[in-house]
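A.B. asks: Starting off with a structure, shown below.
The values are calculated or read from the model by the stated rules, or taken from the named source; none is laboratory data. Just so it is clear, the structure is predicted and the values come from calculations on it, not from any experiment. Ideal geometry is used to build each Cβ from the backbone, glycine not excepted, and the neighbour counts take in all protein chains shown. The protein model used for the area step is the full one, side chains on, heavy atoms only, and it has no ligands, DNA or RNA in it. Shrake-Rupley method; radii C 1.70, N 1.55, O 1.52, S 1.80 Å.
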Amino acid sequence: MPIFTDTEIVRLFGFEDGENERPDRLKEYFFRNRAYENLVGGLPIRILVGHKGVGKSALLKIAYLEDKDRHELAIWLQPDVLKDVAESSDRSFVQLVNDWKAALTHKIFAHIAALVAANVSSVKAGIQGSIESLVRGLTNVFKAEKTLIYDEISREAVSNFLNTKRIVVYLDDLDRGWEANRQDIVRISALLNAIRDLCGSSQNLSFRLGLRSDVYFLVRTSDESTDKIESNVIWLTWSNHEILAMMAKRVETYFGRVADEQLLLGLKQRDLAQKFNPIMVPIFHGVGKWEKVPTHRALLSLTRRRPRDFVKLLSSAARVAYKNSHKIIQSGDIAAIFEAYSSERLQDIINEFRSELPLVKPLVYGMRPTRKEKTTLESYMFTNDQLVTKLKNLMQQNSFSFVNGHVVTAHSLAEFLYKIDLITARKEEGGIIVRRYFDESRHLQNQFVDFGFKWEVHPAYRWALQPGEPDAIFKDVDLIADND
């Protein structure tokens with residue numbers, strides 16, 4: 001039975017950001033979903049796209065660690081070493097692409113050449129933005145200086161490179177400092193084109209990189225040339241069932257038990273939920289629609305199909321349990337965190353997207369129900385026409401503008417709200433509630449077509465939009481169904 005200190009909480013549930021996890025623990029509990037096979041399948045360009053919190057960095061890190069274990073010449077380039085590349089606004093797009101190609105080959109060479117204690121400045125001068133010059137330069141250095149490799153791991157990697165001439169490059173957090181302006185969009189687009197050019201001219205180089213879905217969406221809709229890299233994109237999405245199985249694996253491995261992913265995925269959610277019995281009560285004692293419901297359903301109803309949300313919920317509830325001297329997480333411990341969790345998630349999207357829409361805060365807070373809407377049964381749910389009307393009213397009160405120059409209309413604001421997951425698409429089919437997220441069904445918020453979905457403010461934000469009224473929210477929010 002764990003004692004919920006901060007140290008044990010991290011050991012049990014993992015870090016919220018997987019890239020900071022200890023490699024041995026990450027390898028132990030890492031959950032290989034469908035995106036994993038596509039990432040490591042051997043194609044030269046893999047672009048992992050998804051919202052913050054879906055596990056892009058963790059997936060890239062585990063692939064990198066496994067490449068290192070196989071003695072691949074794999075390198076991880078931090079975004080700070082590339083922050084000054086292709087920033088000039090007076091250069092043509094072709095020049096920016098060439099800037100990226102030259103910078104990438106130089107950075108790759110410098111990073112790998114650091115494996116040997118040798119003066120490589122004369123060779124570096126010959127690296128001119130082509131893979132052929134990069135491979136030739138590295139081969140010359142390693143053949144001349146191979147006795148100076150300073151550790152066994154590096155020695156194995158260099159030996160493997162001399163046989164295969166293969167290099168795998170990982171790029172993550174490229175959207176760090178992203179401001180969603182035209183210059184940022186062109187810069188990322190030029191990078192993607194440079195990578196395509198480099199990999200297209202040689203079989204020796206592979207790139208695996210992560211991008212936020214909103215960044216990719218803006219680049220994809222602003223640059224017609226990006227249709228050529230669309231086939232290289234892997235959308236990292238999760239079902240609620242996969243998230244529950246993923247967290248069950250973490251709990252199982254914490255207790256020293258073997259956890260087979262496929263077996264976990266094959267279980268019903270009620271059976272998966274039993275894996276949490278040693279740490280959490282199985283029934284949540286709420287009110288209204290949340291009265292005596294399975295605890296896992298209550299928690300999953302507040303996640304946005306992002307594993308990090310589930311980690312945050314469980315970790316926060318465990319801290320309250322520790323404060324209350326509870327040996328396992330109780331219903332009261334969970335209910336106590338909802339408002340803070342909701343406020344933090346709302347602040348997250350304000351921080352994340354105000355670079356794209358400076359007045360994002362009044363927009364999202366404007367989605368709270370009016371006094372009249374509070375009296376209806378669907379205060380957080382809208383038809384297309386109702387959503388457009390609400391947004392037009394907000395436009396009369398605020399001067400909204402997109403940084404990239406995109407025209408502001410009620411429909412473009414609706415698409416923005418859908419993209420940031422503040423609203424989700426919802427339809428009832430045969431008594432079952434079907435919800436769709438932007439990453440799954442990007443076409444649903446279409447300016448000219450009504451697909452029969454309503455629009456619902458995600459439950460994760462409702463405590464922040466309606467503070468001090470938890471019972472009203474419990475009576476209003478429909479929980480997700482098992483195996484949803």
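A.B. asks: Within the stretch 116-157, work out how many residues are open to solvent by less than 20 Å² (accessible area, probe 1.4 Å), of a type in the set (A, V, I, L, M) and either part of a helix (DSSP H, G or I) or at pLDDT 80 or above (or both).
C.D. replies: Selection size over the stretch 116-157: 6.
A.B. asks: Looking only at the stretch 261-287, filter to residues that are farther than 26 Å from I3 by Cβ and of a type in the set (D, E, K, R); which one of those is least open to solvent (accessible area, probe 1.4 Å)?
C.D. replies: Per the criteria, the residue is E261.
A.B. asks: All but one of (1) loosely packed, with under 15 Cβ neighbours inside 10 Å; (2) under 22 Å from the mean Cα position of the chain (by Cα) hold for D90; which doesn't?
C.D. replies: In the conditions (1) loosely packed, with under 15 Cβ neighbours inside 10 Å; (2) under 22 Å from the mean Cα position of the chain (by Cα), D90 misses (2) alone.
A.B. asks: In the stretch 362-389, which residues are at pLDDT 85 or above and within 19 Å of L346 (Cα to Cα)?
C.D. replies: Across the stretch 362-389, the qualifying residues are P362, L363, V364, Y365, G366, M367, R368, P369, Y380, M381.
A.B. asks: Further question on the same structure: Looking at this structure, is R304 in a helix (DSSP H, G or I), closer than 22 Å to R212 by Cα and either in contact with an Asp or Glu (Cβ under 9 Å, 6 or more places away or on another chain) or open to solvent by less than 10 Å² (accessible area, probe 1.4 Å) (or both)?
C.D. replies: The answer is no for R304.
A.B. asks: While we're on this one: How do the pairs read when you match residues in the stretch 1-30 that are within 21 Å of L77 (Cα to Cα) with residues anywhere that are of a type in the set (S, T, Y) and not in a loop (DSSP other than H, G, I, E, B), using Cβ under 6 Å and keeping only pairs 6 or more apart or on different chains?
C.D. replies: That search, which allows pairs on different chains as well, returns G18/S57; E19/S57.
A.B. asks: Check off (1) among the basic types (K, R); (2) in contact (Cβ under 8 Å) with a residue 60 or more places away in the chain; (3) open to solvent by 20 Å² or more (accessible area, probe 1.4 Å); (4) in contact with a helix residue (DSSP H, G or I) (Cβ under 7 Å, 6 or more places away or on another chain) for K392 and give me the number that stays unchecked.
C.D. replies: (2)
A.B. asks: Continuing with this model, one more query. Would you mind finding the one in I188, I195 that is in contact with a Phe, Trp or Tyr (Cβ under 7 Å, 6 or more places away or on another chain), buried (at least 19 other Cβ atoms within 10 Å of the Cβ) and either small (G, A, S) or at pLDDT 80 or above (or both)?
C.D. replies: Going through I188, I195 in turn, the sole match is I195.
This table checks each residue for (1) open to solvent by 60 Å² or more (accessible area, probe 1.4 Å); (2) in a helix (DSSP H, G or I); (3) among the hydrophobic types (A, V, I, L, M, F, W, C).
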{"site": "V219", "(1), (2), (3)": "no, yes, yes"}
{"site": "S231", "(1), (2), (3)": "yes, yes, no"}
{"site": "I234", "(1), (2), (3)": "no, no, yes"}
{"site": "E242", "(1), (2), (3)": "no, yes, no"}
{"site": "M247", "(1), (2), (3)": "no, yes, yes"}
{"site": "E252", "(1), (2), (3)": "no, yes, no"}
{"site": "A259", "(1), (2), (3)": "no, no, yes"}
{"site": "K289", "(1), (2), (3)": "yes, yes, no"}
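A.B. asks: If I go through the stretch 39-81 residue by residue, how many of them are of a type in the set (A, V, I, L, M, F, W, C), open to solvent by 10 Å² or more (accessible area, probe 1.4 Å) and either under 23 Å from R22 (Cβ atoms) or touching a Gly at 6+ places or on another chain (Cβ under 8 Å) (or both)?
C.D. replies: Total meeting the criteria: 4.
A.B. asks: While we're looking at this one, here's another question. Which ones in the stretch 66-114 are among the small types (G, A, S) and modelled with pLDDT of 90 or more?
C.D. replies: Result: A74, single match.
A.B. asks: Something else about it: I need the full set of residues from the stretch 9-24 which are open to solvent by 10 Å² or more (accessible area, probe 1.4 Å) and either part of a loop (DSSP other than H, G, I, E, B) or acidic (D, E) (or both), in order please.
C.D. replies: F15, E16, D17, E19, R22, D24
A.B. asks: Let me ask something else about it. Mind checking which residues of the stretch 312-325 are open to solvent by 10 Å² or more (accessible area, probe 1.4 Å) and either without any contact (Cβ under 8 Å) to a residue 40 or more places away in the chain or touching a Lys or Arg at 6+ places or on another chain (Cβ under 8 Å) (or both)?
C.D. replies: Those that are open to solvent by 10 Å² or more (accessible area, probe 1.4 Å) and either without any contact (Cβ under 8 Å) to a residue 40 or more places away in the chain or touching a Lys or Arg at 6+ places or on another chain (Cβ under 8 Å) (or both): S316, V320, K323, N324, S325.
A.B. asks: Out of the residues in the stretch 331-369 that are assigned to a helix (DSSP H, G or I) and of a type in the set (D, E), state the one that is surrounded by the most Cβ atoms within 10 Å (Cβ to Cβ).
C.D. replies: Among those that are assigned to a helix (DSSP H, G or I) and of a type in the set (D, E), it is D333.
A.B. asks: Do we have any residue at all in the stretch 455-462 that's closer than 23 Å to E352 by Cα, of a type in the set (V, I, T), touching a Lys or Arg at 6+ places or on another chain (Cβ under 7 Å) and at pLDDT 80 or above?
C.D. replies: no
A.B. asks: Please determine whether any residue of the stretch 429-444 is at pLDDT below 85, open to solvent by 50 Å² or more (accessible area, probe 1.4 Å) and outside any loop (DSSP other than H, G, I, E, B).
C.D. replies: Scanning the stretch 429-444 turns up at least one residue that is at pLDDT below 85, open to solvent by 50 Å² or more (accessible area, probe 1.4 Å) and outside any loop (DSSP other than H, G, I, E, B).
A.B. asks: To continue, here is another question. Is the stretch 301-311 home to any residue that is free of Cβ contacts under 8 Å to residues at least 40 places away in the same chain and of a type outside the set (D, E, K, R)?
C.D. replies: No, the conditions are met nowhere in the stretch 301-311.
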